[in-house]
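Below is one structure, written out as structure tokens; comments come after it.
The values are calculated or read from the model by the stated rules, or taken from the named source; none is laboratory data. Nothing here was measured: the structure is a model prediction, and the numbers come from that model. Neighbour counts run over all protein chains shown; Cβ positions are idealised from the backbone, glycine included.
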Amino acid sequence: MSKISKFFVFALVFLIALNAAYAASFDVTVTPVNDKIVVDEIAEFEVAVQNNLDMEEEFTIKKAGYPFWDMYTKPLQNPITLKVPAQSSVSINLFVDPLYITSVDTYTLDVGVVLHRTGEEKKVPVTIGIKSTEPLIGGYIPTVVTSTSISPEKVDPREPLSVKIVLNNQNVLDYPNLTIKVESNLFKDELNVPLGPREDKTIELTKSLEPMTAPQHDRLIIAVFKEGRMIVSPIVKEFEIKEYSAEEGLPKEQSFLKVRKGIKVVSNNPGYSGVVKLETTPLKNLFMSTSPRADLVKENSKLYLAWQVRLGSDRTMTVYTTENYRPIVVIAVLAMIAIALYFMFRSPIVVRKGIANVGMSEGGISDAKVVVRVKNRSPGRIANIEVLDNVPHIAHVEKELSIGSMQPHAVLKHPKGGLVIRWTIESLEPGDERVLSYRMRSRLAILGEFNLPAATARAKVGDKVIISNSNRVSVGG
């Protein structure tokens with residue numbers, strides 16, 4: 001045999017082997033579960049896929065017969081896929097729905113099964129027998145194409161929920177009274193509507209929900225019936241109740257220099273977590289109290305009162321602020337009373353004592369001039385004012401004549417030591433002032449600082465004896 005002949009023989013054997021390998025990669029069998037139905041029933045078949053390979057493979061089952069037939073699985077898959085382990089078989093139930101079949105007959109549909117990795121496809125026949133057309137109405141299968149929409153799909157329970165249902169009669173049947181059932185976890189409704197031959201009709205339904213409905217995912221199910229018989233398979237539309245929170249200002253409670261304000265926080269979520277903030281100022285905050293207690297936070301150079309929200313059983317929380325300016329008025333009134341009392345009961349004589357011309361000797365204080373000023377600050381004349389000043393025992397008094405000042409009338413010894421200087425002012429007119437002075441000289445140089453006692457003025461004003469003391473004076477230091 002020539003080399004060319006040997007090559008063709010080898011290639012032919014290789015192709016036959018390769019084809020046999022692919023042909024045997026998987027097998028499909030179909031077993032009827034319910035293959036004889038009436039026109040409004042669903043046929044069911046078990047499709048088994050045998051994987052003959054040494055690795056797990058994924059297969060796709062292709063639908064056939066659309067739009068006259070529909071094929072699906074439970075739960076729904078699109079596309080319909082199946083994973084089969086190596087050298088194993090896996091089955092799936094395939095449901096076949098006759099959408100537009102109007103006569104008794106036997107129908108065969110070729111269902112394709114595709115090996116995903118290689119694209120290899122095998123077709124298997126699925127045979128359905130329509131055994132009765134009893135469900136037909138007037139010789140027609142009742143065909144009402146129905147669709148629905150929800151607006152909005154994320155629903156605020158405080159706002160109305162709008163449901164739109166569109167009915168399209170595909171044939172000449174007249175439906176004088178269709179029943180549309182609308183149902184979800186939150187509401188149920190039933191509508192009776194007529195639908196004429198080949199008529200399109202849109203029905204709008206508005207539902208009001210409980211404002212405190214908790215956040216959740218829900219499904220709206222719509223089914224259409226004629227005289228108790230379902231003619232449209234249930235339509236399922238998913239929607240969501242979303243979380244919300246709101247702040248509501250409560251009416252002010254006002255009284256004299258006091259204002260109470262409230263903010264009510266409401267949410268449909270029992271576990272809502274948030275913060276309520278109210279702008280304030282450092283000054284206003286001095287006169288403000290809060291209930292419950294608020295924290296002070298600063299943001300963007302502004303000061304806020306902040307509360308962490310903790311909802312009660314009614315899913316609300318109320319916070320209060322109270323601005324109370326009554327203490328200011330009380331303080332102001334007390335201050336005015338104190339000032340009035342001060343002016344009513346203060347001494348009409350003012351005595352001030354000072355030091356001037358301090359002399360130094362041997363590193364210490366040797367002498368100083370003491371000046372005592374006596375002033376009448378009352379609106380009336382005061383007569384016979386006696387002024388006394390004490391001089392420590394370490395010093396003695398020298399007379400000094402100063403222009404505009406009165407010299408002491410007497411210098412007496414104090415029983416406890418030291419000297420007492422006395423002046424007598426015959427009278428002082430309102431606002432007048434007398435300057436009294438003397439020079440005090442120390443027997444020894446005084447090192448450091450020493451204090452001089454206060455001077456005293458005494459006079460009789462009306463029936464009262466008025467005594468006024470001056471300030472104390474420190475020398476040196």
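Numbers at a glance
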item: Val397 touching a residue at least 24 places away in the same chain (Cβ under 8 Å), surrounded by 10 or more Cβ atoms within 10 Å (Cβ to Cβ) and outside the structural domain of Glu210 (by TED's automatic domain parsing); result: yes
item: Residue selected from the stretch 272-281 under the condition exposed (fewer than 13 other Cβ atoms within 10 Å of the Cβ) and at pLDDT 90 or above, by the criterion farthest from Trp307 (Cα to Cα); result: Thr281
item: Residue list for the stretch 440-464, restricted to those being within 18 Å of Ala356 (Cα to Cα), touching a Ser or Thr at 6+ places or on another chain (Cβ under 9 Å) and assigned to a strand (DSSP E or B); result: Arg441, Ser442, Ala445, Ile446, Glu449, Phe450, Asn451, Leu452
item: Search result, residues across the stretch 333-378 that are modelled with pLDDT under 90 and within 60 Å of the chain's Cα centre (by Cα); result: Ile339, Ala340, Leu341, Tyr342, Phe343, Met344, Phe345, Arg346
item: Condition met for Lys237 (under 30 Å from Gln170 (Cα atoms), among the basic types (Lys, Arg) and surrounded by 14 or more Cβ atoms within 10 Å (Cβ to Cβ)); result: yes
item: Close pairs from the stretch 147-158: first among the hydrophobic types (A, V, I, L, M, F, W, C), partner loosely packed, with under 15 Cβ neighbours inside 10 Å, Cβ under 9 Å, at least 6 apart; result: Ile150/Ser162; Ile150/Lys164; Ile150/Glu238; Val155/Glu240
item: Single condition Val391 does not satisfy, out of (1) aliphatic (A, V, I, L, M); (2) touching a Lys or Arg at 6+ places or on another chain (Cβ under 8 Å); (3) crowded, with 16+ Cβ neighbours inside 10 Å; (4) at pLDDT below 85; result: (2)
item: Yes/no for Val172 being outside any strand (DSSP E or B) and either modelled with pLDDT under 90 or over 51 Å from the mean Cα position of the chain (by Cα) (or both); result: yes
item: Residue in the stretch 218-238 that is closer than 25 Å to Ser273 by Cα, part of a strand (DSSP E or B) and modelled with pLDDT of 90 or more present; result: yes
item: The stretch 175-205, subset part of a loop (DSSP other than H, G, I, E, B) and touching a residue at least 24 places away in the same chain (Cβ under 8 Å), residue nearest to Pro234 (Cα to Cα); result: Ser184
item: Contacts under 6 angstrom Cβ, first residue in the stretch 413-432 being of a type in the set (Asp, Glu), partner in a strand (DSSP E or B), 6 or more apart; result: Asp432/Asn376
item: Which listed residue is modelled with pLDDT under 75 and on the phi < 0 side of the Ramachandran plot, from His414, His396; result: His396
item: Within the stretch 236-259, considering residues that are of a type in the set (A, V, I, L, M) and more than 25 Å from the chain's Cα centre (by Cα), the one farthest from Ser289 (Cα to Cα); result: Val236
item: Filter pass, Val276 being touching a residue at least 24 places away in the same chain (Cβ under 8 Å) and either in a strand (DSSP E or B) or under 23 Å from Pro157 (Cβ atoms) (or both); result: yes
item: Any strands (runs of 3 or more DSSP E) falling wholly within the stretch 320-438 and containing at least 2 residues that are among the charged types (D, E, K, R); result: 349-361, 364-376, 382-391, 419-428
item: Some residue of the stretch 253-270 being outside any strand (DSSP E or B), crowded, with 16+ Cβ neighbours inside 10 Å and at pLDDT 90 or above; result: yes
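Residue-wise test of (1) outside the structural domain of Thr106 (by TED's automatic domain parsing); (2) touching a residue at least 40 places away in the same chain (Cβ under 8 Å); (3) loosely packed, with under 13 Cβ neighbours inside 10 Å.
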position: Glu46; (1), (2), (3): no, yes, no
position: Val49; (1), (2), (3): no, yes, no
position: Asn52; (1), (2), (3): no, no, no
position: Met55; (1), (2), (3): no, no, yes
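Yes or no, residue by residue, for (1) under 30 Å from Arg441 (Cβ atoms); (2) surrounded by fewer than 15 Cβ atoms within 10 Å (Cβ to Cβ); (3) among the hydroxyl-bearing types (Ser, Thr, Tyr):
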site: Pro292; (1), (2), (3): no, yes, no
site: Lys298; (1), (2), (3): no, yes, no
site: Gln308; (1), (2), (3): no, yes, no
site: Ile328; (1), (2), (3): no, yes, no
site: Tyr342; (1), (2), (3): no, yes, yes
site: Ile349; (1), (2), (3): yes, no, no
site: Ile355; (1), (2), (3): yes, no, no
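Listed here are the residues, each with its yes/no results for (1) farther than 16 Å from Arg422 by Cα; (2) touching a Phe, Trp or Tyr at 6+ places or on another chain (Cβ under 9 Å); (3) of a type in the set (D, E, K, R).
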{"site": "Ile349", "(1), (2), (3)": "yes, no, no"}
{"site": "Arg352", "(1), (2), (3)": "no, no, yes"}
{"site": "Arg373", "(1), (2), (3)": "no, no, yes"}
{"site": "Ser378", "(1), (2), (3)": "yes, no, no"}
{"site": "Val391", "(1), (2), (3)": "no, yes, no"}
{"site": "Ile394", "(1), (2), (3)": "yes, yes, no"}
